[in-house]
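To start, the structure itself, in structure tokens.
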Amino acid sequence: MMAREIMTTNVKSVMRTSSLQEIAQIMKSENCGIIPVVAESRRLVGAVPDRDIIVRGLAGERGATE
């Protein structure tokens, strides 16, 4: 089996300026636990897993509103 046979083809992504709330809403609607972060050129620059939203966002110093 090849990766292309099981991978998601219409991937939702966010920009670096996207809020944690926006990212969490996409995760909920897409039923996924990680969202790619892309630059304006659509080049992949990182990813936000659901764990980071909890550990670094909600449980961190920043809180959910930043």
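The values are calculated or read from the model by the stated rules, or taken from the named source; none is laboratory data. These numbers were taken from a predicted model, which means no experiment stands behind them. Note that we place each Cβ from the backbone using ideal geometry, even for glycine, and neighbour counts take in every protein chain shown. All accessible areas refer to the heavy atoms of the entire protein, side chains included, with ligands and DNA or RNA removed. Shrake-Rupley method; radii C 1.70, N 1.55, O 1.52, S 1.80 Å.
What the table shows:
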{"read-out": "Residue that is most open to solvent (accessible area, probe 1.4 Å), among those in segment 6-26 that are modelled with pLDDT of 95 or more and farther than 14 Å from I53 by Cβ", "value": "R16"}
{"read-out": "Filtered residues of segment 27-41 (kept if part of a loop (DSSP other than H, G, I, E, B) and either surrounded by 12 or more Cβ atoms within 10 Å (Cβ to Cβ) or more than 8 Å from the chain's Cα centre (by Cα) (or both))", "value": "N31, C32, A39, E40, S41"}
{"read-out": "Qualifying residue in segment 43-65 (condition: touching an Asp or Glu at 6+ places or on another chain (Cβ under 8 Å) and open to solvent by 50 Å² or more (accessible area, probe 1.4 Å))", "value": "no"}
{"read-out": "Enumeration of residues in segment 1-15 that are closer than 20 Å to R43 by Cα and either part of a loop (DSSP other than H, G, I, E, B) or acidic (D, E) (or both)", "value": "M7, T8, T9, N10, V11, K12, S13, M15"}
